[in-house]
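Readers should treat all values here as calculations from the given coordinates under stated rules, not as data from a laboratory. From a predicted model like this one, the values you see are computed outputs, not experimental measurements. Glycine also receives a Cβ, built like all others from the backbone with ideal geometry; neighbour counts cover every protein chain displayed.
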Amino acid sequence: MRFPSPFSVLLLIAVMLSGCQREVDEELSNAQLELTITHQSGGAPLQLGTPYTNGLGETFTINTFKYYLSNLALVNGNNVVTIPDTYFLVDDETDSTKTIKVQVPAGTYTGLRMLLGVDSTRNVSGAQTGALDPVQDMFWTWNTGYIMAKLEGSSPLSSAPNNRIQYHIGGFAGTNSSLRTVTINFPAPVQVERTMQVSLIAEIMRWFDAVHPLPIAQTAVSMTPGPLAAQYADNYSKMFRLNSVLIP
Amino acid sequence: MKLRLTILSLMVLVLISTIGVQACRKKEMEVPKGPTPVSFDIPQGFPKPEYDFAGNPLTKEGIELGKKLFYDGILSADGNFPCASCHQQFAAFATFDHDLSHGFNDAFTTRNAPGMFNLAWRKEFHHDGGILNLETQPLAPITAKNEMAETVDNVVRKLRASTTYPPLFAAAFGDAEINSQRMLKALAQFVVTMVSANSKYDKVKRGAASFTQFEQAGYTVFQSKCATCHQEPFFTDGSFRNNGIGLNPFLKDGGRIRITGNAADSMKFLVPSLRNVALTFPYMHDGRFTSLQQSIEHYRSGIKQTPNLDPSLQLGIALTNSDIVNLTAFLKTLTDSSFINDKRFAP
């Protein structure tokens with residue numbers, strides 16, 4: 001009879017311990033996705049407080065620009081690997097929010113998918129924390145639900161007090177839902193073993209006219225779920241494009 | 001030598017695997033130290049609750065923390081407006097004898113504060129159903145300028161800075177971390193325990209009491225003329241309806257339309273529960289009727305033909321004078337005096 005070698009014993013121990021570990025840590029993910037988002041205005045880095053002219057010829061300035069990205073998923077053809085519990089609030093003012101790091105399973109991927117906003121379930125699942133904490137000032141209290149994207153500033157074309165422009169886009173149910181799925185296709189399948197770096201560009205000018213031309217002179221304010229909010233969601237869902245995919 | 005090494009490693013394997021299995025098992029069997037679990041009892045005849053207790057298990061310490069928060073002005077901007085300022089136990093947690101309630105800086109609320117009970121079975125909150133989860137409801141009054149006028153951020157900051165709260169959060173949640181989620185979960189734990197199911201009506205249903213002749217006659221009237229909307233056992237069907245009271249010219253409150261944006265929802269409000277109705281006067285979303293008699297009279301003779309008027313109220317409700325007397329007697333059997341005197345809910 002052959003006794004097991006010390007090596008195989010160690011291997012067994014390792015397997016056993018990792019078996020125990022799995023109960024605590026359900027993640028089987030062994031690679032990392034680093035998603036970086038760069039905000040641009042007219043192709044140049046977005047500067048808060050700087051006057052710009054949108055595609056409709058209107059001058060405006062932005063003071064606040066933030067939005068939720070959630071339900072991140074990696075795509076390989078028809079196969080979608082959803083990364084559990086991914087909720088991020090991207091805030092232009094805070095650079096650290098523009099780099100998102102999540103553990104993902106190693107594999108070959110053809111693209112990235114994300115939900116722009118917070119899924120309907122989390123809108124109605126009671127008190128949340130982290131990126132979804134109401135202290136983030138992205139939650140409507142009287143008509144429960146998350147503000148999916150917020151853009152505030154001013155424009156001489158606005159007739160609102162202090163020429164403000166204020167777009168709080170939300171609504172998670174029915175035909176006026178502002179939830180949008182964004183799919184970013186990679187130029188070629190990417191094989192990830194340890195780390196993948198995906199760099200996206202978000203072009204703020206798209207907010208006003210990517211799908212529906214929405215002049216500031218006509219709508220400087222949108223603060224409730226409805227058809228107008230849904231049109232802004234259509235527009236800003238088109239602001240993302242791929243800059244690069246790298247395997248360092 | 002080689003054999004010996006192998007035997008040794010085998011022994012090590014057995015030892016470590018024993019420890020490993022023990023470690024795993026210990027994890028499963030470990031009795032967590034901490035808050036004391038509390039069970040939620042469903043009254044006889046009540047259905048399964050809507051509230052997700054699995055996501056916020058009731059504990060003695062959690063409920064106590066929630067009660068302290070409910071009665072503490074720290075949740076408001078100037079310290080004067082705890083939840084309990086508008087939700088008074090002796091009025092079944094409505095505001096006693098107020099059409100509208102008072103908030104920060106002498107402001108009035110825009111709607112009548114409803115009673116609070118049997119919240120575990122509610123799907124929607126507020127007269128317009130704008131709140132879809134019990135846990136997120138307190139955010140509305142806390143941040144409303146005419147109510148508690150605070151920010152969630154500042155409430156959390158004040159709680160963290162206090163000397164009283166960190167140990168209470170630690171007792172309820174295992175560590176002293178204070179955040180809005182824990183605050184809201186604690187509040188939910190307290191208010192969800194406010195169950196009202198011990199009125200005379202309930203005792204009659206359980207066979208522990210009997211109606212008087214008037215009450216019984218009133219119950220019969222109720223069942224044939226009111227129960228479509230005010231369904232037992234909660235005395236509401238949870239729907240939104242226009243009951244023909246007409247637009248309040250000052251408040252201009254369209255009700256449900258504010259939430260849905262749908263013209264068909266204009267002037268619709270949540271059908272309120274009639275439990276404890278004798279205590280929750282004045283009535284309607286704006287508190288315009290001061291008595292039960294006035295409210296019932298509205299359904300007999302006061303229905304205004306407005307768009308979206310509920311089909312069941314097109315012709316009003318035919319009631320004789322004695323029907324009204326009997327109905328009133330029955331409605332008073334819905335008063336749960338053990339609920340309003342329950343020390344568990346008192347400060």
Using the Cβ atoms and a cut-off under 10 Å, what net charge is assigned to the surroundings of B:Gly218, where Lys and Arg are +1 and Asp and Glu are -1? -1
Here, chymotrypsin sites (Phe, Trp or Tyr not before Pro) of the stretch B:185-264 satisfying both criteria (DSSP loop; at most 11 other Cβ within 10 Å) are B:Phe250
Measure nothing but the geometry: give the 0 to 90° angle between the long axis through the Cα atoms of A:227-236 and the longest principal axis through the Cα atoms of chain A, rounded to 10°. 60 degrees
In degrees from 0 to 90, rounded to the nearest 10, what is the angle of the helix B:60-70 Cα long axis to the longest principal axis of chain B? 50 degrees
For the stretch A:191-247, divide the Cα radius of gyration by the Kirkwood radius and give the resulting Rg/Rh value with two decimals. 1.20
Taking Cα atoms, how many degrees apart are the long axis of helix B:321-332 and the longest axis of chain B, rounded to 10 and kept between 0 and 90? 20 degrees
Quick check: net charge around A:Gln197, other residues with Cβ under 12 Å of its Cβ, Lys/Arg +1 and Asp/Glu -1? +1
Ignoring trypsin sites (Lys or Arg not before Pro) buried by more than 10 other Cβ within 10 Å or outside DSSP loops, the longest site-free run in chain A is A:3-193
Using eta = 1.567 mPa s and T = 4 °C, Stokes-Einstein with Kirkwood Rh from Cα pairs puts D for chain A, in µm² s⁻¹, at 65 µm²/s
For the protein assembly as shown, what proportion of DSSP beta bridges, expressed in % and rounded to the nearest 5, is antiparallel? 80 percent
Set B:Lys33/B:Lys203; B:Lys203/B:Lys252; B:Lys67/B:Lys332; A:Lys98/B:Lys60; B:Lys203/B:Lys304; B:Lys203/B:Lys268 screened for pairs whose C-alpha atoms are more than 31 Å apart: B:Lys33/B:Lys203; B:Lys203/B:Lys252; A:Lys98/B:Lys60; B:Lys203/B:Lys304; B:Lys203/B:Lys268
Mind checking which of A:Ile204, A:Thr110, A:Gly57 is farthest towards the positive end of the protein assembly as shown's charge dipole, using Cβ charges of +1 (Lys, Arg) and -1 (Asp, Glu) about the Cα centre? A:Thr110
Normalise the Cα radius of gyration of the stretch B:137-235 by 2.2 N^0.38 Å (N = residues in it) and let me know the number. 1.71
Counting other Cβ atoms within 10 Å of each Cβ, which GluC sites (Glu not before Pro) in the stretch A:58-152 have at most 14 and sit in a DSSP loop? A:Glu93
Per the helix-only calculation at 222 nm, which mean residue ellipticity applies to chain B, given -39500 (n - 2.57) for every DSSP H run of n ≥ 4 and division by its residues, nearest 500 deg cm²/dmol? -10500 deg cm²/dmol
Could you work out the equivalent-ellipsoid semi-axes for the stretch B:200-339, taking the square root of 5 times each eigenvalue of the Cα gyration tensor, largest first, in whole Å? 28, 16, 14
If eta is 1.306 mPa s and T is 10 °C, what Stokes-Einstein diffusion coefficient results for the stretch B:54-195, Kirkwood Rh from Cα pairs, in µm²/s? 104 µm²/s
As I understand it, the dipole of chain B uses +1 on the Cβ of Lys and Arg and -1 on the Cβ of Asp and Glu, about the Cα centre. Which of B:Thr143, B:Thr335, B:Leu187 lies farthest toward its positive end? B:Leu187
Placing +1 at every Lys and Arg Cβ and -1 at every Asp and Glu Cβ, with all other atoms neutral, what dipole size does the protein assembly as shown have around its Cα centre, in debye to the nearest 20? 1140 debye
Could you please tell me the mean projected area of the C-alpha convex hull for chain B, averaged over all directions and given in square nanometres to one decimal? 24.8 nm²
What number, in percent, do you get for the relative contact order of the stretch A:101-169 if the mean sequence gap of Cα pairs under 8 Å and at least 6 apart is divided by its residue count? 22 percent
Rg(Cα) of the protein assembly as shown divided by 2.2 N^0.38 Å? 1.18
Which cross-chain or sequence-distant (5 or more) residues have an amide H under 5 Å from the amide H of A:Phe139, H modelled 1.01 Å from N in plane? A:Ile147
Span from the the stretch A:62-82 Cα centroid across to the the stretch A:90-146 one, whole angstrom: 9 Å
Per DSSP, the loop-located trypsin sites (Lys or Arg not before Pro) within the stretch B:51-145 having at most 16 other beta carbons within 10 Å are B:Lys123, B:Lys145
Taking a temperature of 20 °C and a viscosity of 1.002 mPa s, what whole-number D in µm²/s does Stokes-Einstein yield for the stretch B:184-240 with Rh from Kirkwood over alpha carbon pairs? 160 µm²/s
So for chain B, taking the charge dipole from beta-carbon charges (+1 Lys/Arg, -1 Asp/Glu), which of B:Ala161, B:Phe117, B:Gly302 sits furthest toward the positive end? B:Ala161
What FRET efficiency do you get for A:Asn30 and B:Lys123 if R0 is 35 Å and r is their Cβ-Cβ distance, rounded to the nearest 0.05? 0.25
Charge sum, other residues only, whose C-beta stays under 12 Å from B:Gly255's C-beta, Lys/Arg counted +1 and Asp/Glu -1: +2
